[in-house]
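A short write-up of the structure that comes next.
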Amino acid sequence: MPQPRLTFHLIPHTHWDREWYLSRARFGARLVEMVDDLIDLLEREPSIPGFLLDGQTVLLEDYLTVRPEQESRVCALVGAGRLETGPWYVLADEQIPSGEALIRNLLIGTDDAIRWGRRMNVLYSPDAFGHPAILPLLANEFGIRCGVAWRGLGGNDGDLLQWRGPDGRTMVLYHLPPDGYEIGSALQSDASRVKASWVAVRTKLVARARSRHIAVLVGADHHAARQDLVTLRDAIAAIEPESEVRLSRLEDFGQAVESENQLPMVQGEQRAPGYTWVLQDVHSTRAHQKRRNSRLELWLERFAEPLAALAALAGGRDRRPLLRSGWRNLVQCHFHDAIGGCASDMVAREVDCRFASVEGTIREIVRGSLDQLSAHDPDRAREHPEQISPSMLLWNPAARVRTGVVLAEITMFRRDILVGPPGDRTPRVGRGFQPFCLTSSSGQEIPVQVLDVVAARERLDAKTHYPDQDEVDVVHVAFHAPEIGGVGLVALGSKSILPGRELSTGKTGRTLRNEMVQVRLETDGTLTLTNRLSGRTYPGILAIECEEDIGDTYSFCPGPNENRRLKASRVRILKSIEGPLVSTLEARWSLASEADRRRAGDHRIDMHLTLALVAGEPAVRCTLTLTNRGLDQRIRARFATGVPGISALAGSQLGSVLRPPAAVQATGYSTIERPALTAPAHRFVAAADTHGIGIFAPGFFEYELSPTGNLRVTLLRSVGQLSKNDLITRPGHAGWPTSTPLAQCLGEHRIDLAISPLAGRICRDGARLHALWENTFLPIRSLWLRDCIPSPDLPDPASTIELEGDGVIVSAIKPAEDGNGVVLRCYSARDETVEAKWRLGFRATVAELCRADETVIEELPLEEGGHVVRCAVAPRGVSTIRMRVAKT
């Protein structure tokens, strides 16, 4: 038989926003009814090969939570490939979560789909607001060869592409038409209307076709499965006698095109406008939630998972169920409308609740793991108070040997807080703060610099006793830590000393300095930064700018009063201390424009800034507490780099990206959407050649680099509508109009940044920038154990993990998914193959090179008695190794 000229794959699907303009509960109730009907349809119509349930397993999880009795029917359909689910857990906004969070998203989705019977092997991403460069890398790391995307690929005029990832591996990409996944939703099966509706769709799709196989997605947002799918197929087939018309699964279409060659190649991130809305301004909507998400990702990736893995290796309990629970709750917040902030206020409240739940889980994992690793037993301390000797536990979260200045909190007992009915109990009374020093295991005294003492309350918990609640003095101190191995622990004791023997501090003025940098707070609230090694000065740092924003949660839109010149009130210095280890400066002031001063009500921006300089560090740590009282505005911090016309190197997931400065386009852009001048960054952005500036943050943030060399970091956007249709930057509604007063972001916001002068080739690949970031936002951590009974097992200094290799960066240290061993992942910042070496303080019995989904590729040789394993990391690639340890 002759081969059909074209094969049209009618792919039934629904795109299901788990939460958007309605809450998860309301969309969830509708989901249950939709899936009920879908199951009946698929069982009744065996000629329908499958239905695409949006590429995310969370929908079936939600459904089965309400309808557990349907699990056998669901598993039968999933196992037969007729209900396509996964590989994602949720359809995330792919540029905001960390690289490890995207990997966890795929790990959860893959695990769920396989547990129910089968995973769909297409990386389906129909609605994300642009795509990171690592998407082809992730596809290959999970054994997937084909993907689907819509936004961000610019004006590409064909439907099939090869997308090359940063490590050189590729995947075939089906680029949805401008109408997206909804293109077939209006097709008619009625004989009198089918031709007209089909011709309109066919014309658009055939014009873009680079293969004889053409996908026709039949479905739309929150649409139930069509009951007339067989009739629709037959009606279209009747008017396509020379072509084949099939009802297909998305995976069938993917398999038909994944071997296509001679396709145009694209590479790098995909954020280009002009084809359909990309909506990049979601990166600054509800910015406080993005900052909180980044902190939780960091705590899970670099605190909870490594400590849980080390505790398990030491014979402790298995905390994988808690880690999985924490990741599930956090990844649920990564749904593109939720983490993008372009959802209702109800959704924003639910995201905050999930964040709080994740934070609680992380804190318990960390504390429980540290208790096990340090042999700390709060119950024993309750039963033997006479043996208590407070200790300081230090932990190095970096996978390299470190020492340096530690900032810590120590609590000193003042008085019992008695809980319960009055009785004959007498509260204990203590002396509160007394001068002290720390001591090493050899008895060497470690002097401390006292930064502050404040009264507070502290609760000590134990497994078999009621909490012990006390009034305490919280003493903020700095001290120089002994050398600590990578991911290693050290315990310090404490003892009272005579007053005056602690490290002294003195008052200073507006200027802080250490041996590397100097920073001065000016009378207008800006900073002047000086590189003391080169003598170069950078004025106008951290200048706060405010502009009118009459946009919505999707798009920034300047108002008629585009720039508001802010005038600072008197900058009041609250505290200024210069010490041998840490110097700090705390100040407060207000900002307002002349128009704001004349308007009724209070529209000030109150600023509370704390600066800290740590001995031996080139970065100024800034904690900015901003209180916003204004509506419809964008607030940013400007940093003058002094390097016009240079590109910026921004951290990204599992790497970095070099972007040129953004120029204002007043005309010449697509009427669909004005290109965003801002861009996403993870952990750092730097503009430097022989000199320049680097800005560091705990995780995700939004920045803009102007041709004049000004870096601007968005602190917050204030908007009051989910969607507007009258914006000059984006005509038309991007969502359903809904009031979002919480998105005005009124109230207090804390922003943590670090600023460093840069010189030389530090911005070549980001590896040195990442080390600077790690020293600032992953410093040596401390845990004060006020109720500690010292133990000879406190702690095991051999439990270390260190990574060696020029340009390789730690990405994950975690328990293996199957519970057998620990997984070590790193990535390369270099354009050439790098040899990495993992050095272990414990002895491994087997080392296996794996994909990110932990599928074993090959066994690796162990060296030095099981304490060293080497691996070659591809240029800009990722390496995952599972270390197995003999059971004791």
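Which one of S374, S879, T526 is farthest out on the positive end of the charge dipole of the chain, using unit charges on Cβ (Lys, Arg +1; Asp, Glu -1) and the Cα centre as origin?
Projecting each Cα onto the dipole axis, the largest value belongs to T526.
Convert each backbone phi in region 107-115 into a coupling constant with the Karplus relation 6.51 cos²θ - 1.76 cosθ + 1.60 (shift: θ = phi - 60°), then list the ³J(HN,Hα) values in order as whole Hz, x for Gly and Pro.
3J(HN,Hα) across region 107-115, in whole Hz: 4, 5, x, 5, 4, 4, 4, 5, 5.
Check T7: other-chain or 5+ apart residues with amide H under 5 Å from its amide H, H built from backbone geometry?
Amide H neighbours of T7, under 5 Å, 5+ apart: H213, I214, E244.
When the Karplus curve 6.51 cos²θ - 1.76 cosθ + 1.60 is applied with θ = phi - 60°, which whole-Hz ³J(HN,Hα) does each residue of region 523-534 get, with x for Gly and Pro?
Whole-Hz 3J(HN,Hα) from phi for region 523-534: 5, 9, x, 7, 10, 10, 10, 10, 7, 6, 7, 9.
Check G147: other-chain or 5+ apart residues with amide H under 5 Å from its amide H, H built from backbone geometry?
Residues meeting the criterion, in which the H sits 1.01 Å from N, are L123, V172, L173, Y174.
Express the accessible area of the chain per residue in Å², computed with a 1.4 Å probe while the remaining protein chains stay in the model. Intermediate results must be reported in sequence, preceding the final value.
Working: 33940 Å² over 888 residues.
It amounts to 38 Å² per residue over the chain.
With θ set to phi - 60°, apply the Karplus curve 6.51 cos²θ - 1.76 cosθ + 1.60 along region 808-820 and write out the HN-Hα couplings as whole Hz, x wherever there is a Gly or Pro.
9, 10, 5, 10, 7, 9, 8, x, 4, 4, 8, x, 9
Which value, in Å² and to the nearest 10, is the accessible area of H749 when all protein chains are kept and the probe is 1.4 Å?
Surface accessible to solvent at H749 totals approximately 10 Å².
Let me spell out the model: positive unit charges on the Cβ of Lys and Arg, negative unit charges on the Cβ of Asp and Glu, origin at the Cα centre of the chain. What dipole size does that give, in debye rounded to 20? Don't jump to the answer; show the numbers that get you there.
Working: 105 positive and 111 negative charges, 428 e Å.
Here the chain has a charge dipole of around 2060 debye.
Among A676, C146, N329, whose Cα lies farthest out toward the positive end of the dipole of the chain, if unit charges sit on the beta carbon of Lys, Arg (+1) and Asp, Glu (-1)?
It is A676, whose Cα lies furthest towards the positive end.
With a 1.4 Å probe and all protein chains kept in place, how do H15, H288, H223 rank by accessible area, largest first?
Values: H15 0, H288 60, H223 85 Å².
Ranking H15, H288, H223 by accessible area, largest first, yields H223, H288, H15.
For region 677-814, just say rounded, prolate or oblate: build the C-alpha gyration tensor, square-root its eigenvalues into a ≥ b ≥ c, call rounded for a/c under 1.5, and beyond that prolate if a/b exceeds b/c, oblate if not.
Cα axes put region 677-814 in the oblate bin.
Please compute the Cα-Cα pair-distance distribution of region 129-262 with 10 Å bins starting at 0, giving whole percents from short to long.
All Cα pairs, binned at 10 Å, distribute as 11, 39, 33, 14, 3, 0 percent.
When a/c is below 1.5 the answer is rounded, else prolate if a/b is larger than b/c, else oblate, so apply that to region 604-674 with a ≥ b ≥ c taken from the square roots of the Cα gyration tensor eigenvalues. Working shown, then result.
Values: a/c = 2.36, a/b = 1.26, b/c = 1.87.
Verdict is oblate for region 604-674.
Taking Cα centroids, how far is region 846-886 from region 25-103 in Å?
34
Dipole size in debye (nearest 20) for region 45-170 around its Cα centre, Lys and Arg Cβ +1, Asp and Glu Cβ -1? Numbers along the way, then the final one.
Values: 11 positive and 17 negative charges, 68 e Å.
It comes to approximately 320 debye.
Normalised by the number of residues in the chain, what is the relative contact order in percent for Cα pairs under 8 Å and 6+ residues apart?
13
Which aspartates and glutamates, if any, have their Cα less than 20 Å from the Cα of K495, not counting same-chain residues under 8 positions apart?
E386, E409, E445, D452, D473, D787
Express in % the proportion of alpha carbon pairs of the chain at distances exceeding 56 Å. Mind showing how you got there, number by number?
Details: 51988 of 393828 pairs.
Pairs farther apart than 56 Å: 13 percent.
Measuring from centroid to centroid over Cα atoms, what is the spacing of region 817-832 and region 293-338 in Å?
16
Rounded to two decimals, what is Rg over Rh for region 752-873 when you use alpha-carbon atoms and the Kirkwood radius? If you can, show how the numbers build up before the last one.
Details: Rg = 17.6 Å, Rh = 17.1 Å.
My calculation of the ratio gives 1.03.
Per the helix-only calculation at 222 nm, which mean residue ellipticity applies to the chain, given -39500 (n - 2.57) for every DSSP H run of n ≥ 4 and division by its residues, nearest 500 deg cm²/dmol?
Details: 16 runs with 188 residues, N = 888.
Rounded to the nearest 500, the figure is -6500 deg cm²/dmol.
What net charge is computed for the residues neighbouring R249, neighbours being all others with C-beta under 13 Å from the C-beta of R249, Lys and Arg scored +1, Asp and Glu -1?
Cβ neighbours under 13 Å give a net charge of +1.
List the lysines whose Cα sits under 28 Å from the Cα of K290, skipping any in the same chain fewer than 8 residues away.
Output for K290: K724, K814.
Cross-link partners among lysines for K567, C-alpha distance below 26 Å, same-chain residues fewer than 8 apart left out?
K575
Run the dipole for region 474-567 about the Cα centre, Lys and Arg Cβ at +1, Asp and Glu Cβ at -1, nothing else charged, and hand back the magnitude in debye, nearest 20.
On the way: 11 positive and 11 negative charges, 157 e Å.
My answer is approximately 760 debye.
Largest first, what is the accessible-area ranking of I239, I96 with a 1.4 Å probe? Walk me through the intermediate numbers first.
Details: I239 60, I96 0 Å².
Per-residue accessible area, sorted high to low, gives I239, I96.
Find how many whole Å separate the alpha carbon centroid of region 514-581 from the alpha carbon centroid of region 435-455.
34
May I ask you to derive the relative contact order of region 261-381, considering only C-alpha pairs under 8 Å and at least 6 residues apart, and to give it as an integer percent?
Numbers: 83 pairs, mean separation 38.6, N = 121.
It comes to 32 percent, rounded to a whole number.
Students sometimes get this wrong: rank M412, M883 by accessible area, probe 1.4 Å, all chains present, largest first. Display every interim value, and only then the final one.
Details: M412 25, M883 0 Å².
Listed by decreasing accessible area, they come as M412, M883.
Of G254, Q267, A235, which is farthest towards the positive pole of region 230-281's charge dipole, taken about the Cα centre with +1 and -1 on the beta-carbons of Lys, Arg and Asp, Glu respectively?
Q267
Summarise the accessible area of the chain (1.4 Å probe, protein heavy atoms) by the percent that is carbon and sulfur.
Working: 16900 of 33940 Å².
Percent of accessible area from carbon and sulfur atoms in the chain: 50.
Mind running the shape call on region 706-776? Use the C-alpha gyration tensor, a ≥ b ≥ c as the square roots of the eigenvalues: rounded below 1.5 for a/c, prolate if a/b tops b/c, oblate otherwise. Intermediate results must be reported in sequence, preceding the final value.
On the way: a/c = 3.25, a/b = 2.07, b/c = 1.57.
Prolate, since a/c reaches 1.5 and a/b exceeds b/c.
Quick one: compute the contact order of region 455-532, relative version, from alpha carbon pairs under 8 angstrom and 6+ residues apart, as a percent.
Details: 58 pairs, mean separation 11.2, N = 78.
Here the relative contact order equals 14 percent.
The values are calculated or read from the model by the stated rules, or taken from the named source; none is laboratory data. Source: prediction; values computed, not measured. With ideal geometry, Cβ positions are generated from the backbone for all residues, glycine too; neighbour counts draw on all protein chains shown. Accessible surface areas use protein heavy atoms only, side chains included; no ligands, DNA or RNA. Shrake-Rupley method; radii C 1.70, N 1.55, O 1.52, S 1.80 Å.
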